[in-house]
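Here is the structure we will look at.
Throughout, read-outs are computed from the coordinates displayed, never taken from laboratory work. Keep in mind that what you see is a predicted model, and the values were worked out from it rather than measured. A quick note on method: Cβ atoms are made from the backbone with ideal geometry, for glycine too, and the neighbour counts reach across all protein chains shown.
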């Protein structure tokens, strides 16, 4: 069984008036989405086709939690006075709500003949979201009514995009492609957040994203390619929210310059693919290693960073009843001249200084240098396959300081999957799948977060990890009519 330190979860834990540890039994996350799509496709001639889709997603939900020793002023409330006593804090149960609507139109017009394929398209999308919090119970409520709402904010994000793609066959072996895209994004945020901070702001971005490449076929079974692209990514609503009120922390969009080249080989019993990539970033948004109050990964910009690596995909099928697919990624993900900002406390009077230090070139958080997967499959009988699936992930750091105190250890996990597809009359298709995960009961964590502080110049560390389940299983049944 897993050690106690790996299965402890403090969610919902509190201390009652007698000093006993208790657990709130409705610490829960409740969220529901409904998706609606209307898709229309029309062939307009021998070479021309139109594809459009309208979509709408409605989502609403909340998570509920017990919070201990909460200050009234943090919720915009007055202290409670009972006789001569002034009560400044209380236990409470709160719900943080989210209600959102996402809708829009996407479309494409495609022209295709023997030597050329041209596609033009785009989309118009709108997101509207309300975020608010309610207190449904307080140990010392005073005059506060039930379901008191202590914050409310609404956000809007609109996007208009246009693109054009061309694939052109120069010769029987050589083709070139180009892709031009323009995106316009608009953010609007109003109201206060859960810390009573005004997050009102507007942000606008316009991005031009080009891509071009060449594809060469040596033989019908051998291909090579090269491509170069420029892409931009805007900060998320939460990135802007976390930085509200601090102009120096306002996130900037990131720019990526991506070069890739690869080779593919296919034979009757084997295949091999190799892809080399080099990604150079400007103002890349990287995780700091800390989480927000609702578990969101806090991001920050770094001036210069890069990712380089190789992806190798191989497969062999020596006989009809056996096959083996493998994937290996070797990468190097680094930030150049990383500057760590921190607070150093003087323990004699607990005064503090805000300092910085240059750590040079460091690993980007949550970036393992090796990821390897394997899928060894056996055909037991007609319609029945057994898969032995393995995955290895090398060590990775939970922040950008490469401190071993905030390290996620490497892990190697093995699973078994049985696929069975019987033939049953009047049923187009039926599939049974049994998946047994972590068959060797590996004790590991796949994720975590942490941070640090300093006292008298000495670094102190804190970290939390997400332990994964021991041996567990899942059964799936799929039907087609």
Query - Net lengthening on full extension, residue 358/residue 424 (0.36 nm per residue, minus Cα-Cα) - result: 17.1 nm
Report task. Work out, step by step, the length gained on full extension between residue 152 and residue 312: first 0.36 nm times the residue separation, then minus their alpha carbon distance; give nm to one decimal. Result -> 52.7 nm
Query raised in the report: Where the convex hull is taken over the Cα atoms of the chain, what is its projected area averaged over directions, in nm²?
Result: 30.8 nm²
Query raised in the report: For a label point 7 angstrom out from the Cα of residue 171 toward its Cβ, which stretches of region 206-250 have the backbone nitrogen within less than 17 Å?
Result: 214-226
Report summary line: Rg/Rh of region 305-463 (Cα atoms, Kirkwood Rh), to two decimals, equals 1.20
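For the pair residue 112 and residue 276, what calculated FRET efficiency results from E = 1/(1 + (r/R0)^6), where r is the Cβ-Cβ distance and R0 = 22 Å, to the nearest 0.05?
E(calc), rounded to 0.05, equals 0.15.
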Query raised in the report: Gain in length, residue 23 to residue 436, computed as 0.36 nm per residue apart minus the alpha-carbon separation, to one decimal in nm?
Result: 145.6 nm
Query raised in the report: What is the spin-label model distance, in nm, from residue 125 to residue 322 if the labels are put 7 Å beyond Cα along the C-beta direction?
Result: 4.5 nm
Query raised in the report: Roughly what would the spin-label model give for residue 190 and residue 337, points 7 Å off Cα along C-beta, in nm?
Result: 4.3 nm
Query raised in the report: What is region 97-154 by shape, rounded, prolate or oblate, if you read a ≥ b ≥ c off the alpha carbon gyration tensor as root eigenvalues and call it rounded for a/c under 1.5, prolate for a/b larger than b/c, and oblate otherwise?
Result: prolate
Requested in this report: May I ask you to sort 449, 127 by Cβ crowding, counting other Cβ atoms within 10 Å and putting the fewest first?
Outcome: 127, 449
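Take peptides 313-323, 424-434 and line them up by average Cβ neighbours within 10 Å, highest first, as a rough protection proxy.
Values: 313-323: 13.2, 424-434: 11.4.
By packing density, highest mean first, the sequence is 313-323, 424-434.
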Query - Ascending count of other beta-carbon atoms within 10 Å, so fewest first, for 44, 54 - result: 44, 54
Requested in this report: Determine which residues of region 111-133 fall in the zone a paramagnetic label at residue 216 would reach in this model, i.e. backbone nitrogen under 19 Å from the point 7 Å along Cα→Cβ.
Outcome: none
**Report entry** Relative exposure of 269, 96, 58, judged by other C-beta atoms within 10 Å (fewest first)
**Finding:** 269, 58, 96
Query - Cα shape, region 228-372, gyration tensor, a/c 1.5 rule - result: prolate
Query raised in the report: What percent of all Cα-Cα pairs in region 165-260 falls in each 5 Å bin, counting up from 0?
Result: 3, 11, 17, 14, 11, 9, 8, 8, 7, 5, 4, 3, 1
